[in-house]
Amino acid sequence: MCTGGTNHGLTYQTGNRIFDPAMHRALQHKALDTSRSLSDVVNNAVRLSLAEDAEDLAAFEERINEPLVSYEAVLKELKANGRL
């Protein structure tokens, strides 16, 4: 439910939570379909996104000493192997 106004395509909810109207509707449907609150659905999505970021950062850290390969070098290798 919309408890606030709309401005530039953003729907204002209670407090300072802001959702695009179509995204808000999709979140409401997902919450209903999964018997969860909208807050639970959003919090889970944010948690998963942050966990993915943490995994990415760990992978970058593990590979920090690997040599950099330029885009051009990758293209040359792909051409040399007949993939392009």
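Only one of the numbered conditions (1) surrounded by 11 or more Cβ atoms within 10 Å (Cβ to Cβ); (2) at pLDDT 95 or above is not met by S70, and that is (1). Looking at the range 37-48, can you tell me whether even one residue there is out of contact with any Cys (no Cβ under 8 Å at 6 or more places or on another chain) and on the phi > 0 side of the Ramachandran plot? Checking the range 37-48: not a single residue is out of contact with any Cys (no Cβ under 8 Å at 6 or more places or on another chain) and on the phi > 0 side of the Ramachandran plot. With respect to the conditions (1) surrounded by 11 or more Cβ atoms within 10 Å (Cβ to Cβ); (2) within 21 Å of the chain's Cα centre (by Cα); (3) at pLDDT 85 or above, L32 falls short on a single one, namely (2).
Cβ-Cβ distances below 7 Å connect the following pairs, each with a first residue in the range 41-55 that is under 17 Å from M23 (Cα atoms) and in contact (Cβ under 8 Å) with a residue 12 or more places away in the chain, a second residue that is assigned to a helix (DSSP H, G or I) and not aromatic (F, W, Y), and a separation of six or more residues or different chains: V41/L27; V41/K30; V41/A31; V42/L27.
The values are calculated or read from the model by the stated rules, or taken from the named source; none is laboratory data. What you see is a predicted model; the values in this text were computed from it and never measured. Here the Cβ is made from the backbone with ideal geometry for all residues, glycine too, and neighbour counts use every protein chain on show.
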